[in-house]
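Below you'll find the structure, written out as structure tokens, and then a few comments.
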Amino acid sequence: MTTLDNSRAHELGGHGHHEGSYLTPKGGFWATVWDWATTVDHKKIGVMYLCAVLFMFFLGGMAALAVRTELLNPVRTEQVKALGADGKELMENGKPVMKTVITGQWLGDMAAWWKGQELTSIDQGNNWYNRAFTLHGAIMVFMVIIPSIPASLGNFFIPLMLGAKDVAFPRLNLLSWYIYVTGSIFAVCSILIGGVDTGWTFYTPYSTTTDADHANVVLMVLGAFILGFSSILTGLNFVVTVHKLRAPGMGWFDMPLFIWAMYSTSIIQVLATPVIGITLLLLCFERIFRIGIFDPALGGDPVLYQHFFWFYSHPVVYVMILPAFGVISEIIPVHSHKKIFGYRAVAFASLGVALVSFLVWGHHMFASSGELGATVFSALTFLVAIPTAVKVFNWIATLYKGSIALTTPMLYALMFLFLFSIGGLTGLPLGALATDLHLHDSYFVVAHFHYVMMGGTIITFVAGLHHWWPKMFGKMYNQFWANVGAWIVFIGFNVTFFTQFFLGSQGMPRRYASYVDEYHTLHVISTFGSYLLFIGFMVHLLVFIHSLVAGRKAPANPWGGLTLEWEAASPPSEHNFDHEPIVTHGPYDYETTVPPHWNAKDYPLPALPANHH
Amino acid sequence: MLNSLTSGWTGTLADGAQGWWSYGWNWFFRNYGANPNAVRTDRLYMEIFWISVGWFVFLMAIMFYFVIKYRRRPGLPAPYSPSHNTPLELVWTIIPCIFLVYIFLQGFHAYIDKLIAPGDSLKMTLTAMKWNWTVTYPNGASSPENTLIGSDSVNFGGQNGSPGSRPVPIFYMPAKVPVHFNMISKDVMHSFWVPDFRVKFDVFPNRYTTYWFEAAEPDANAPYLKDSNGKEITTAQGKKIQYVDHFIFCAEYCGDQHSEMLGIIRIVPMDYYLAKIEEWNIEGKTPEEIGKLVYQSQGCAACHTLDGSKGAAPTWKDLYMSQQPTNAGTVTADDNYIRESIYTPAAKIVDGYPSNMPVFTTAQIDERRMQGLIAYMKSISKYSQHGDAKTEMKSDAKPAPEKK
């Protein structure tokens, strides 16, 4: 809402620059709300997705902080001297009376304090912890990371980068937003009526038997099922958009790499999401009608569930990371004014990763499957490493002889390279069978996937947000404070998660509400890191709010980008472009093209070698 | 028959595993891998670690160099440079492949050795349930011992663990002998993980999975086993027993007490292991003997005395069929009361005692052992001549004689 009021204030202030901007309010407050609620404009839908995703990110982040706070101290029972009603020690036969108290259950203590009771069993406190980490996992995976870049930045920028007026199916696009909101409401309801303690993976038979009287699990699973449709529709929309709506002159290899990445992502979404839909539906049937597909007590097979689940959820790891690759492939060339190194290699690596991602789901089950399967899946897993490594090499090579500006997006992109390299390399001992049998389901895995999913996707999402923020909202932000926020996030992230590699290899299992004393110090460090991380994100929030309220007006092309979205106004008009753009240069031809809205004095072109054509 | 896999293995990691890769080993592992396969895993892990460090430092150094060297200078364009170089791109595709193939093959070999148990291993059954482990030894016995992690008697290679929130079972296992578990779960999925063995494997309901290990002997500095009075235990030959403990963790999320589902593998010499499982073998023992075994092994003796003196909990002398004043009124300590007090101790609290009796599960004290406990209590109670509990309640409505 700040956005609307602000851009409106600008108008009233007589600047008049926003005329025709998609942010220009249509009449009064309610008319504007109605306009947004019924909009088929991909930009507004993108912004609505952004708001929804950021809200869920906040919820999931709070759950993460709760999890970390619980893990500050291990759960212990202690014998203490019992106190009478008068506050004095109870004595009997000259000896103090002892009673048992439970310590180290922060969440349980909070809940008990809220209800005015005392914790009486370990189970009660642990149960709160289990709900908190399930909440964190389910929200972050299904409601934040999967839709983060594709649904918000993708929706906003795919048509702009293609030079199109909108996505191929604008109404479907709005529908997918409403489906997303519906699914999220299901999930939030399941939390409000008591929460779910299954973990985000909903492994059977635990998920089909826990909390047997309650509908929480069914609600949460249905939420994830519904969210899947949002994902499918968005993916379908993007595939058609890329095929049909490219501007005149834009061949497949003239597309920005962000489009290639989103295209690969969309293919995975369309092909893999139906599988999780069916699986989650079967899980609901299993719970409600006891049909016996997954529950061994009814003759089912729990490993079947894992196969179904990971057949989707492994490819979806690449739904999460491929868009991040796309964003990085944009930011690095733009902020170093350099043509991307090995365009085709990066583009095909995206498709290659998408293809191989369908063949590696079994590596989540090395500790439960037979030798042959595990061996084949291990080999295929190492295959994924190659295109991913190639991309990292290409990005670093792009920096060579560039003109590198350490803007906030660029700073984040470099942090991504740092964090993602660690995330990728720590995948090696997990892909190798012998070491995985030790590290599987330990904190090593937790650290690894946070380096990839958070250090990869979330960091890139924030990088992309800073990269395109001026375009989306027409405002600049304070680069100094944004950089400060970035550094705090970077340090906090490493403190939080690097410690967890050591925890994991030393033997700390995942999803433990408590632990033996040996792990205490590392857990304390990790928890303080997570607080730092929180502070960093709060700095970013303040920077963004400040930008919306008092930010300098953004030029149309603040960074000197060459892709088509930088030709549009900031913020873009309702129809994106005044005239249909015609593509005359490649997306990264920095050596031969002065960026739109820049002039040759600001952007001198380099001398080309004689044989250059 | 027993020493099939010990060739070339001296029993400590320090001998079998040193090299360029082992630097920094103790950052990642608390204890030496407890057998050759575990040590091999550590070696692979550390090799991958140093390979990764090499790549990471190389890449980041280049990145930082570029960022500093090619920082933006106003008014100066980025100079031209080729955006494609086939030989370079081939090289940086092929070199990682070589590393990946090496890591894959190493991982595969060590994995097969970890999974395929030698044919002559000792076979046992491991049962997982919410939230406990039991091991059934080849003679049908199962371990009745448990302890709080962190009590002085626990030896995790010099570290004492930590005070836990509830007792965890101890499984005695022989050193230098391959042991093969057939694993099954009674309820949901669990995963059996002994970090010192560097292997975990999932445990399913309705399906067997297997796990095997061979543990090194306790080293020369290992402590000696002591009984509850702190006296060193000796074998029949008068030999003292050295031992080493390994944590068991459940690694597959299984609910409220997932993080309390721990256990201890205690490695002892073969002869002591054999004596121990014979001692726990309840076959051929009378109910009273079984009850006494349970009394000793489940820690009852810590609070309940047998001679009538007052401990932290009511004495068992003359307890059976006596009248007990509780917070739920006066009750007769009959079979059902005893059963209830063991499985759900908080249900009725005898006046004058705190509520701190641990809960026992039907897995820890099964029906036969429960019957044994009741028979044992009966054998030391003067009220037991009143006969069978039910008959007593029906035939004699008068209050039983007062407790002394």
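Pairing residues of the range A:161-189 that are on the phi < 0 side of the Ramachandran plot and assigned by TED's automatic domain parsing to the domain that holds A:P150 with residues that are assigned to a helix (DSSP H, G or I) and charged (D, E, K, R), at Cβ distances under 7 Å and at least 6 apart in sequence or on separate chains, gives A:M161/A:E565; A:A168/A:K244.
State yes or no: is A:V101 of a type in the set (V, I, T), over 26 Å from A:I193 (Cα atoms) and either surrounded by 13 or more Cβ atoms within 10 Å (Cβ to Cβ) or not assigned by TED's automatic domain parsing to the domain that holds A:F238 (or both)?
Against the criterion (of a type in the set (V, I, T), over 26 Å from A:I193 (Cα atoms) and either surrounded by 13 or more Cβ atoms within 10 Å (Cβ to Cβ) or not assigned by TED's automatic domain parsing to the domain that holds A:F238 (or both)), A:V101 qualifies.
Restricting attention to the range A:31-69, the residues that are touching a residue at least 40 places away in the same chain (Cβ under 8 Å) and either part of a helix (DSSP H, G or I) or not hydrophobic (A, V, I, L, M, F, W, C) (or both) add up to 25. Among the residues of the range B:318-358, just one is among the hydrophobic types (A, V, I, L, M, F, W, C), under 20 Å from B:Y376 (Cα atoms) and within 14 Å of another protein chain (Cβ to nearest Cβ), namely B:M357.
The set of residues from the range B:72-124 being closer than 26 Å to B:Y45 by Cα and among the polar types (S, T, N, Q) comprises B:T93, B:Q106.
When we screen A:V376, A:V353 for residues that are farther than 14 Å from A:Y588 by Cβ, open to solvent by less than 20 Å² (accessible area, probe 1.4 Å) and either more than 8 Å from chain B (Cβ to nearest Cβ) or not hydroxyl-bearing (S, T, Y) (or both), the only hit is A:V353. Scan the range A:473-496 and give yes if some residue there is polar (S, T, N, Q) and within 24 Å of B:M261 (Cα to Cα), otherwise no. There is no residue in the range A:473-496 that is polar (S, T, N, Q) and within 24 Å of B:M261 (Cα to Cα).
Quick grid of which residues meet (1) closer than 21 Å to B:N229 by Cα; (2) surrounded by fewer than 24 Cβ atoms within 10 Å (Cβ to Cβ); (3) not aliphatic (A, V, I, L, M):
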position: B:Q242; (1), (2), (3): yes, yes, yes
position: B:C250; (1), (2), (3): no, no, yes
position: B:C254; (1), (2), (3): no, no, yes
position: B:H258; (1), (2), (3): no, no, yes
position: B:L262; (1), (2), (3): no, no, no
position: B:L274; (1), (2), (3): no, yes, no
position: B:N281; (1), (2), (3): no, yes, yes
position: B:P287; (1), (2), (3): no, yes, yes
position: B:L293; (1), (2), (3): yes, yes, no
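Flag: B:P144 matches the condition of being crowded, with 20+ Cβ neighbours inside 10 Å, modelled with pLDDT under 90 and outside any strand (DSSP E or B).
Of everything in the range A:397-414 that's open to solvent by 10 Å² or more (accessible area, probe 1.4 Å) and not in a loop (DSSP other than H, G, I, E, B), which residue is farthest from the other protein chains (Cβ to nearest Cβ)? Ranking the candidates gives A:L411 first. Within this structure, A:A151 fails the test of being part of a helix (DSSP H, G or I) and either within 14 Å of another protein chain (Cβ to nearest Cβ) or among the hydroxyl-bearing types (S, T, Y) (or both). Does A:Y531 meet the test of being touching a residue at least 60 places away in the same chain (Cβ under 8 Å), in contact with a Leu (Cβ under 9 Å, 6 or more places away or on another chain) and in a loop (DSSP other than H, G, I, E, B)? No, not satisfied. Only one entry of B:H180, B:H190, B:H246 meets the criterion of being of a type outside the set (V, I, T), open to solvent by less than 10 Å² (accessible area, probe 1.4 Å) and touching a residue at least 12 places away in the same chain (Cβ under 8 Å), and that entry is B:H190. Hey, any hits in the range A:320-329 for a residue that's assigned to a helix (DSSP H, G or I) and at pLDDT below 90? Scanning the range A:320-329, I find no residue that is assigned to a helix (DSSP H, G or I) and at pLDDT below 90, so the answer is no.
The numbered conditions (1) open to solvent by 10 Å² or more (accessible area, probe 1.4 Å); (2) assigned to a helix (DSSP H, G or I); (3) out of contact with any Phe, Trp or Tyr (no Cβ under 9 Å at 6 or more places or on another chain) are all true for A:F186 except (3).
Taking A:F253, is it within 14 Å of chain B (Cβ to nearest Cβ) and either surrounded by 24 or more Cβ atoms within 10 Å (Cβ to Cβ) or in a helix (DSSP H, G or I) (or both)? Here the answer is yes, as A:F253 does meet what is asked. You will find that of B:I62, B:I95, the residue that is open to solvent by 40 Å² or more (accessible area, probe 1.4 Å) and more than 7 Å from chain A (Cβ to nearest Cβ) is B:I95 and no other. Consider the range A:492-523 and keep the residues that are over 24 Å from A:G424 (Cβ atoms) and open to solvent by 40 Å² or more (accessible area, probe 1.4 Å). The one that is modelled with the lowest pLDDT is A:D517.
Each row is one residue, and each column tells you yes or no for (1) surrounded by 14 or more Cβ atoms within 10 Å (Cβ to Cβ); (2) away from chain B (no Cβ under 14 Å).
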{"site": "A:D35", "(1), (2)": "yes, yes"}
{"site": "A:D41", "(1), (2)": "yes, yes"}
{"site": "A:L50", "(1), (2)": "yes, yes"}
{"site": "A:G60", "(1), (2)": "yes, yes"}
{"site": "A:L71", "(1), (2)": "yes, no"}
{"site": "A:K81", "(1), (2)": "no, no"}
{"site": "A:G87", "(1), (2)": "no, yes"}
{"site": "A:M91", "(1), (2)": "no, no"}
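Between A:P595, A:P571, A:P587, A:P558, the distinction of being in a loop (DSSP other than H, G, I, E, B) and open to solvent by 20 Å² or more (accessible area, probe 1.4 Å) belongs to A:P558 only. Note on the range A:417-483: enclosed helices (runs of 4 or more DSSP H) holding 3 or more residues that are within 14 Å of chain B (Cβ to nearest Cβ) are A:428-431, A:433-439, A:443-452. Residues in the range B:359-372 that are surrounded by fewer than 17 Cβ atoms within 10 Å (Cβ to Cβ) and either modelled with pLDDT of 85 or more or out of contact with any Ser or Thr (no Cβ under 8 Å at 6 or more places or on another chain) (or both) were compared, and the one that is nearest to the other protein chains (Cβ to nearest Cβ) is B:T361. Taking the criterion of being under 22 Å from A:S148 (Cα atoms) and open to solvent by 20 Å² or more (accessible area, probe 1.4 Å), would at least one residue in the range A:477-487 satisfy it? Yes: one or more hits.
The values are calculated or read from the model by the stated rules, or taken from the named source; none is laboratory data. In this text the structure is predicted, and so the values were computed from the model without any measurement. Reconstructed Cβ throughout: ideal geometry from the backbone, glycine too, with neighbour counts over all protein chains shown. Ligands, DNA and RNA are stripped out before the accessible areas are found, and what is left, the full protein with its side chains, is counted by its heavy atoms. Shrake-Rupley method; radii C 1.70, N 1.55, O 1.52, S 1.80 Å.
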